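Single-structure report; data block below.
The values are calculated or read from the model by the stated rules, or taken from the named source; none is laboratory data. What you see is a predicted model, and the numbers here were worked out from it, not measured in a lab. Here the Cβ is made from the backbone with ideal geometry for all residues, glycine too, and neighbour counts use every protein chain on show. These area figures cover heavy atoms from the full protein model, side chains too; ligands, DNA and RNA do not enter into them. Shrake-Rupley method; radii C 1.70, N 1.55, O 1.52, S 1.80 Å.
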Amino acid sequence: MRRFKAPTTSSGTRILYAVVLVLIGIGAIIVGRNTLEPVSGTVLIALSPLQSGFANLYNSISNAINTPADLASVQARNVELEKQIADLTTENIRLSESESKLKIVSALLDYARTNPERKYVTADVVGRDESRFLRYVLLNKGARDGINRDMPVVTDKGLVGLVTETTINASKVVLITDLSSAVNVRLQNSRAEGIVIGQQSGELRLNYISVEVDMKQGERVVTSGLGGQFPQGLLIGAVASVRKRTFDVFQEADVKSAVDFNRLETVLVIINYEKPNIQPLLGTPVPPP
């Protein structure tokens, strides 16, 4: 008995089938939805897998083409933004530094205006002593700017020290906290006189105040002008603590400096102060017979 085989659908037949369905769909659209609505629905359902395949293929190709360009654009934009952020950060730092500098200079200018009898040269600190025994700073102004040895150095807060060496464009200032420093001072309230001496620790010690003086914590200490090394009335600091024993002739005190020597940035050098030459007036000791 002869058997019949079901006809197989070749690839050409499948393509023809797809084309027919496409043509039927187009015809349904032309004739109108109301007329061929059942047929168009059937065609659209049949074409749905084909449509989805074309859509997926289009999206894949579009992404493959556009993504590298978009990524390069985003990366370039990120680089540009990072540069702008860096520039803004640098500018912010510069403006903050300028503002801090302006505050310091403004305070020094106000101090100079309240003491018009003196002439000043403004100088920046460009070096510091790194040892444990000497305490000095280096300034960026020198003989060319009118700075000479033995000129007092101050800030708007108080006395800093004394110029000890100069070059054409730099100066060395020994601070009042140095071991070699001894400043004649006066207590502002009691008017008692003593000497403030620098300590190895960087602190200030007030000596030679009579035990009879009622020296109190917080009393201000200023230069007395004795000896002629410094002008009168420059602020040194305030009494921090007092040590007094009844059987001693003198009492002593620790003095908290009005100047923060660890944060010195800009100072004023008093260039018109002339140290009086009192040595010839002290007389020559008469030798014993």
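Restricting the search to region 104-134, which residues are open to solvent by less than 70 Å² (accessible area, probe 1.4 Å), under 15 Å from V174 (Cα atoms) and more than 24 Å from the chain's Cα centre (by Cα)?
Passing the criteria: only S131.
Checking L134 against (1) out of contact with any Lys or Arg (no Cβ under 7 Å at 6 or more places or on another chain); (2) of a type outside the set (D, E); (3) at pLDDT 95 or above; (4) within 25 Å of G198 (Cα to Cα): exactly one of these is not met. Which one?
If we test L134 against (1) out of contact with any Lys or Arg (no Cβ under 7 Å at 6 or more places or on another chain); (2) of a type outside the set (D, E); (3) at pLDDT 95 or above; (4) within 25 Å of G198 (Cα to Cα), just (3) comes out false.
Can you pull out the residues in region 155-186 that are β-branched (V, I, T) and in contact with a Gly (Cβ under 9 Å, 6 or more places away or on another chain)?
Across region 155-186, the qualifying residues are T166, T167, I168, V173, V174, I176, T177, V183, V185.
Answer yes or no as to whether L95 is over 30 Å from E274 (Cα atoms), assigned to a helix (DSSP H, G or I) and open to solvent by 70 Å² or more (accessible area, probe 1.4 Å).
When the stated conditions are applied, L95 passes them.
Filtering region 240-258 down to residues that are β-branched (V, I, T) and at pLDDT below 95, which residue is nearest to the chain's Cα centre (by Cα)?
Per the stated criteria, the residue is V242.
Tell me, please, whether a residue that is under 23 Å from K101 (Cβ atoms), more than 29 Å from the chain's Cα centre (by Cα) and open to solvent by 70 Å² or more (accessible area, probe 1.4 Å) can be found in region 142-158.
Among the residues of region 142-158, at least one is under 23 Å from K101 (Cβ atoms), more than 29 Å from the chain's Cα centre (by Cα) and open to solvent by 70 Å² or more (accessible area, probe 1.4 Å), which makes the answer yes.
Which residue out of S224, S171, S180, S190 is hydroxyl-bearing (S, T, Y) and in contact (Cβ under 8 Å) with a residue 60 or more places away in the chain?
Matching residue, one of S224, S171, S180, S190: S171.
Select the strands (runs of 3 or more DSSP E) contained entirely in region 173-289, then report the ones holding at least 2 residues which are open to solvent by less than 50 Å² (accessible area, probe 1.4 Å) and more than 30 Å from R128 (Cα to Cα).
204-210
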